[in-house]
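What follows is a single structure, written as structure tokens, with notes after it.
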Amino acid sequence: MNTPSAPPGITVVIPHLNQHNALARCLAALDAGTRKPVEVIVVDNGSARSTQGVVNDYPWVSLIHQPIPGPGPARNLGAAQAQGDVLAFLDADCLPDAHWLAHIAAHMARDPHRILGGDVRIERKGHRLDAATAYQAIFAYRMDRYIAQQGFTGTGNLIVHRKVFDAVGPFKGLHHAEDRDWGQRATFAGYRIGFAADLVVYHPPHT
């Protein structure tokens, strides 16, 4: 008889640069989820003022600093210092669904070697959408299509076992499309990237 795998240890890695209010909302959403975070690493990438006050209310958040500019190097440093065996990359301006971490744990317990790209949805404020927000809600962040057609997923909602991440190698810096580059390297190396519709995060509309 096959016994279920133990729930994996998950480290959430969040790069941050001058988005203090957004980061506060992101951490509050993680705190309100059905599965509590064990470890979250916020990697500040040179903000104009200290981020410490934003993270002080959460004992499970570590704040570290990456002087090399770019979200790729920030994510790499967070991954290098992570204690969990699963890395969940999340953007500071995204709000994870209440079940985000619980669904990650379930997916990775079933297949730890698979790379997952979650569903990034435009955050709606109110029942009526203006034209620009409605357009983005339909056409922005089509992770399912990126995965199926181009072999990559966005790094703002990317889940990967740390052994797989180490095998593929780090994200590149500012002069590269880091999500496309990393995902296509992973695909070329033979790893499967799957779209997980239940891993939902909400991104504010671009104005």
### Message
Looking at VAL40, VAL61, VAL54 in this structure, which one is surrounded by 14 or more Cβ atoms within 10 Å (Cβ to Cβ), within 13 Å of the chain's Cα centre (by Cα), among the hydrophobic types (A, V, I, L, M, F, W, C) and modelled with pLDDT of 95 or more?
### Response
VAL40
### Task
Collect the residues in region 164-180 that are farther than 23 Å from ASP198 by Cα and modelled with pLDDT under 95, keeping them in residue-number order.
LYS172, GLY173, LEU174, HIS175, HIS176, ALA177, GLU178
### Task
Tell me, please, whether a residue that is surrounded by fewer than 15 Cβ atoms within 10 Å (Cβ to Cβ), in contact (Cβ under 8 Å) with a residue 60 or more places away in the chain and assigned to a helix (DSSP H, G or I) can be found in region 192-199.
no
## Note on the structure
Listed by first then second residue, the pairs whose first member lies in region 4-19 and is among the polar types (S, T, N, Q), whose partner is in a strand (DSSP E or B) and at pLDDT 95 or above, with beta carbons under 6 Å and at least 6 positions apart or on separate chains, are THR11/GLU39; THR11/LEU87
### Message
Tell me the residue from PHE195, PHE165 that is under 22 Å from ALA105 (Cβ atoms), of a type in the set (Phe, Trp, Tyr) and in contact with a Gly (Cβ under 8 Å, 6 or more places away or on another chain), please.
### Response
PHE195
### Message
Any residue in region 168-184 that is in contact (Cβ under 8 Å) with a residue 60 or more places away in the chain and among the small types (Gly, Ala, Ser) sitting within a Cβ distance under 6 Å of a residue that is surrounded by fewer than 15 Cβ atoms within 10 Å (Cβ to Cβ) and part of a helix (DSSP H, G or I)? List the pairs, counting only those 6 or more apart or interchain.
### Response
none
### GLN52 being farther than 18 Å from PHE165 by Cβ and either in contact (Cβ under 8 Å) with a residue 60 or more places away in the chain or among the aromatic types (Phe, Trp, Tyr) (or both)
no
#### Entry: Selection from region 162-185 of residues that are surrounded by fewer than 16 Cβ atoms within 10 Å (Cβ to Cβ), of a type in the set (A, V, I, L, M, F, W, C) and farther than 17 Å from PRO73 by Cβ
ALA167
### Task
For residues that are of a type in the set (Gly, Ala, Ser) and either touching a His at 6+ places or on another chain (Cβ under 6 Å) or under 23 Å from THR34 (Cβ atoms) (or both), tally how many sit in region 189-206.
3
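The values are calculated or read from the model by the stated rules, or taken from the named source; none is laboratory data. Values in this document were obtained by computation on a predicted structure and should not be read as measured data. All Cβ positions, glycine included, derive from the backbone under ideal geometry; neighbour counts span all protein chains shown.
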